[in-house]
Amino acid sequence: MKSLTDILPRRECIDVVIDSDAFNEIDDQFAIVWALLSRRRLRVRAIHAAPFENARVTSFGDGMERSYDEIQRLVGLLGPGVDPGEICRGAIHRRSESTTGSIESVSCLIELARNYDSENPLLVVAIGAITNVAAALAVDPDLADRIVVLWLGGHPTRDSHNHEFNLQGDPVAVREVIASRVRWVRFPCRGVAEALMTTLPEMESHLRGRGRIGDYLFRIFAEYEHEDLRAPAASKTIWDLAPFAALLNPAWVGLVSLRQPHLDEQLLWQENPAGKTALEAVRIHRDPVFRDLFAKVEGWAATRSES
């Protein structure tokens, strides 16, 4: 596996499942909308709510429920004409915790993937803690032969630390996915997805007044609670666009092939010469990503006669 084209299906429109902690902050919303409006390239088969835990929720499982609600809200704002596939609830516990019972997203992914194989895989784009994917692989290890996982998480392999939200959310799940034979592509945050920065004036110029979904995306950006985006020179990274950028146009993202390192107990990457071959993003061209996102939101609003 030397490049993304080695593992992508050989057809113009590819099937994807999105696994998202959509209520965590505001970047998932942009990524989900972009994917749903990129219908010539992506066919979204399902959207799975991923768990998370921060000050916005009461527990890891509450994060999943809030994400499920936010995904439903986004699809409702887009209205008729988009097909998100099945919207499923995900795990409510980390992989390190003792759990019983089935997980809706696990059953959905396993069932969907039955129609795919190694030459024609289902793409799973995970933009939160990778708990749901790890749980599915634990239930059905052969799932690894029918999917490719693109995950936004962690920092670059040679970075000095891995203090990153998605990775810290469930490190055991990360180790389980690494240990499986699933093919995967990782999009580090620092220095890579971090390039996907935008500003309030840019959001206002290109999203405000572009239908219900454009106004919603602008509002959640303008009201982002962790930063004052009205301050001079303020900007915000829309991290979760990164893996979708690679699928929509591989030329926008630079990837390298490497031996997947081990994640140690201090959450540091350690070299692993026996690790499976993986792809890791090393750079992203920011401008065409936002240009395409803005154009699709504006085009969607125009077709619906919204202002």
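Any read-out appearing in this document is the output of simple, stated calculations on the displayed coordinates, not a laboratory observation. Please read these numbers as outputs of a predicted model, since none were measured by experiment. Virtual Cβ from ideal backbone geometry, glycine too; neighbours counted across all protein chains shown.
Along the charge dipole of the chain, Cβ charges K/R +1 and D/E -1, which of 20, 81, 200 sits furthest on the positive end?
Farthest towards the positive end: 81.
Please state, as a whole number in µm²/s, the translational diffusion coefficient that the Stokes-Einstein equation yields for the stretch 4-298 at 4 °C and 1.567 mPa s, with Rh defined as the Kirkwood radius across alpha carbon pairs.
Details: Rh = 19.0 Å.
The diffusion coefficient I find is 68 µm²/s.
What is the distance, in nm, between label points placed 7 Å from the Cα along the Cα-to-Cβ direction at residue 205 and at residue 6?
The answer from the label model is 4.0 nm.
Pick out which of 282, 44, 139 has the largest mean-square fluctuation in a Gaussian network model of the chain, springs linking Cα atoms closer than 10 Å.
Greatest mean-square fluctuation among the candidates belongs to 139.
Less than 14 Å Cβ to Cβ from residue 266, Lys/Arg counted +1 and Asp/Glu -1: what total charge do the surrounding residues give? Kindly include the intermediate steps, with their values, before the conclusion.
On the way: positive: 175; negative: 159, 164, 264, 265.
That sum, taken over residues with Cβ under 14 Å, equals -3.
Looking at the square roots a ≥ b ≥ c of the eigenvalues of the Cα gyration tensor of the stretch 75-165, which shape do they give, rounded for a/c under 1.5, prolate if a/b is larger than b/c, or oblate?
Verdict is rounded for the stretch 75-165.
Positive end of the charge dipole of the chain (Lys, Arg +1 and Asp, Glu -1 on Cβ, about the Cα centre): tell me which of 167, 294, 231 has its Cα farthest that way.
Farthest towards the positive pole: 294.
What's the longest uninterrupted piece of the chain once you rule out the GluC sites (Glu not before Pro) that are loop residues per DSSP with at most 15 other Cβ within 10 Å?
Between the exposed loop sites, the longest stretch runs 120-222.
Between residue 56 and residue 115, what length comes free when the chain is fully extended (0.36 nm per residue of separation minus the Cα-Cα distance, one decimal in nm)?
Here the segment from residue 56 to residue 115 would lengthen by 17.5 nm.
Only counting other Cβ atoms within 10 Å, I'd like 48, 226, 163, 206 sorted with the fewest neighbours first.
226, 163, 206, 48
In whole angstrom, note down how far apart the Cα centers of the stretch 284-306 and the stretch 209-282 are.
Using only Cα atoms to place each centre, the spacing works out to 18 Å.
Given the rule -39500 (n - 2.57) for each run of at least 4 DSSP H residues, summed and divided by the residues of the chain, what is its mean residue ellipticity at 222 nm, to the nearest 500 deg cm²/dmol?
Estimated from H runs of four or more residues: -10500 deg cm²/dmol.
Given N residues in the stretch 187-307, what is its alpha carbon radius of gyration divided by 2.2 N^0.38 Å?
Ratio of Rg to 2.2 N^0.38 Å for the stretch 187-307: 1.30.
Only four residue types carry charge here, +1 at the Cβ of Lys and Arg and -1 at the Cβ of Asp and Glu. Report the dipole size of the chain about the Cα centre in Debye, rounded to the nearest 20.
Charge dipole of the chain: 920 debye, to the nearest 20.
Once you have the Cα-Cα distance between residue 138 and residue 262, take 0.36 nm times their residue separation minus that, and quote the gain in nm to one decimal.
Details: separation 124, 0.36 × 124 = 44.64 nm, distance 1.87 nm.
42.8 nm is the gain from fully extending residue 138 to residue 262.
Fewest Cβ neighbours within 10 Å first, please rank 52, 30 accordingly.
30, 52
Run the paramagnetic zone check for residue 228: 7 angstrom along Cα to Cβ, then residues of the stretch 187-218 with backbone nitrogen under 18 Å.
Zone members listed by number: 199-201.
Can you sort 236, 276, 2 from fewest to most other Cβ atoms within 10 Å of each residue's own Cβ? Don't skip to the answer; put the middle values down first.
Values: 236 19, 276 15, 2 11.
So the ranking, lowest neighbour count to highest, is 2, 276, 236.
Cα gyration tensor of the stretch 1-140, axes a ≥ b ≥ c as square roots of the eigenvalues: rounded (a/c below 1.5), prolate (a/b > b/c) or oblate?
oblate
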